[in-house]
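Read the structure below first, then the notes.
The values are calculated or read from the model by the stated rules, or taken from the named source; none is laboratory data. Treat the numbers as computed from the prediction; the structure is a model and nothing was measured. Reconstructed Cβ throughout: ideal geometry from the backbone, glycine too, with neighbour counts over all protein chains shown. The protein model used for the area step is the full one, side chains on, heavy atoms only, and it has no ligands, DNA or RNA in it. Shrake-Rupley method; radii C 1.70, N 1.55, O 1.52, S 1.80 Å.
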Amino acid sequence: SQQGEEDPQALSIQEGENATMNCSYKTSINNLQWYRQNSGRGLVHLILIRSNEREKHSGRLRVTLDTSKKSSSLLITASRAADTASYFCATVDGANSKLTFGKGITLSVRP
Amino acid sequence: EAQVTQNPRYLITVTGKKLTVTCSQNMNHEYMSWYRQDPGLGLRQIYYSMNVEVTDKGDVPEGYKVSRKEKRNFPLILESPSPNQTSLYFCASNSFGNEQFFGPGTRLTVL
């Protein structure tokens with residue numbers, strides 16, 4: 001069952017621009033996580049935001065969480081060609097720590 | 001180095017020939033999972049384990065088996081592989097409530 005749904009499905013921007021990706025989910029969560037995947041490789045964890053947090057930063061990444069709207073956004077500032085990848089949001093609900101992934105967003109950053 | 005390892009990385013096999021994909025983690029994580037990734041479908045969880053001798057079905061368990069006899073290992077077994085199990089498989093581990101660490105992936109082709 002799909003919990004997180006990312007939006008848009010694909011995003012193409014110029015190097016130096018900001019990239020904003022959104023994720024919506026259906027049920028209450030313990031935390032929400034964003035992952036990055038380069039083509040055919042394993043997923044790499046970017047950032048985790050807990051249900052009692054509203055905003056979190058890590059380098060050029062900024063994540064917000066609105067539990068009332070059941071949505072999250074990932075902002076990558078000053079994008080680089082190396083940011084080209086697929087990005088996934090994943091939600092964790094309840095005590096079993098089960099992660100449920102969305103289908104992902106393909107980000108292309110043009111040099 | 002903290003990591004999740006999977007073997008083999010690539011495997012081509014024929015319908016009905018039993019195979020095992022191994023997964024091992026060195027971070028003493030309680031929680032381990034197997035996912036498959038298919039174009040347009042994102043990551044779907046096959047099985048997960050919350051601790052030794054505790055396993056449970058994920059979203060797409062049909063045709064797969066797992067075991068968790070030791071904390072560090074979580075092999076995925078395909079007793080009788082079929083072509084619809086051709087996919088990219090990922091193993092992951094985490095401590096409860098925290099980010100998952102992914103293996104590099106196993107690309108399986110069933111002819």
Hey, can you grab everything whose amide H is under 5 Å from the amide H of residue A:15? Only 5+ residues off in sequence or another chain; H modelled, so Pro and N-termini drop out.
-> A:110
How big is the charge dipole of chain B about its Cα centre, in debye rounded to the nearest 20, if each Lys and Arg gets +1 on its Cβ and each Asp and Glu gets -1 on its Cβ?
-> 340 debye
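Per residue, how much accessible area does chain A have with a 1.4 Å probe, in Å²? List each step's numbers first, then the result.
Numbers: 5160 Å² over 111 residues.
On a per-residue basis, chain A sits at 46 Å².
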Based on the Cβ-Cβ distance from residue A:10 to residue B:27, what FRET efficiency comes out when R0 is 30 Å, to the nearest 0.05?
-> 0.35
With label points set 7 Å from each Cα along the Cα-to-Cβ direction at residue B:52 and residue A:82, the distance between them in nm comes to 4.1 nm
In Å² (nearest 100), what accessible area is buried between B and A, both sides summed, heavy protein atoms only, 1.4 Å probe?
-> 1700 Å²
Any chance you could check the Cα centroid distance between region B:1-34 and region B:73-97 for me, in angstrom?
-> 7 Å
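All other residues with a Cβ under 14 Å from the Cβ of residue B:38 taken together, and with Lys, Arg as +1 and Asp, Glu as -1, what is their net charge? Working shown, then result.
Numbers: positive: A:103, B:36, B:44, B:107; negative: B:59.
Neighbourhood net charge equals +3.
Counting other Cβ atoms within 10 Å, which trypsin sites (Lys or Arg not before Pro) in region A:40-101 have at most 16 and lie in a DSSP loop? Show your work: numbers first, answer last.
On the way: sites: A:41, A:50, A:54, A:56, A:60, A:62, A:69, A:70, A:80, A:98; in loops: A:41, A:54, A:60, A:69, A:70, A:80.
Passing both the DSSP loop test and the Cβ count: A:41, A:54, A:60, A:69, A:80.
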Derived scalar couplings ³J(HN,Hα) [region A:32-41; Karplus, 6.51 cos²θ - 1.76 cosθ + 1.60; whole Hz; x for Gly, Pro] | 10, 10, 10, 10, 10, 9, 7, 3, x, 9
Which residues' amide hydrogens lie under 5 Å from the amide hydrogen of residue B:58, considering only partners 5 or more residues apart or on another chain, with H built in the peptide plane?
-> B:47, B:48
Scan chain A and report its longest stretch carrying no GluC sites (Glu not before Pro) that are both in a DSSP loop and have at most 16 other Cβ atoms within 10 Å.
-> A:54-111
Put a dot 7 Å past each Cα toward the Cβ at residue B:67 and residue A:38; how far apart are the dots in nm?
-> 3.6 nm
Here FRET efficiency (C-beta to C-beta, residue B:15 to residue B:41, R₀ 22 Å, nearest 0.05) is 0.55
Name all residues of region B:45-65 having a backbone nitrogen under 20 Å from the label point set 7 Å from the Cα of residue B:82 along its Cα→Cβ direction, giving them as ranges.
-> B:45-47, B:57-65
At a 1.4 Å probe radius, carbon and sulfur cover how many percent of the accessible area of chain A?
-> 46 percent
Once phi is turned into ³J(HN,Hα) by the Karplus curve 6.51 cos²θ - 1.76 cosθ + 1.60 with θ = phi - 60°, what whole-Hz value does each residue of region B:90-102 show in order, with x for glycine and proline?
-> 10, 9, 8, 9, 7, 8, 3, x, 10, 5, 8, 9, 9
Give a residue-ordered list of calculated ³J(HN,Hα) values for region B:16-30 (Karplus: 6.51 cos²θ - 1.76 cosθ + 1.60, θ = phi - 60°; whole Hz; x for Gly, Pro).
-> x, 8, 3, 9, 10, 10, 8, 9, 9, 10, 10, 10, 6, 6, 6
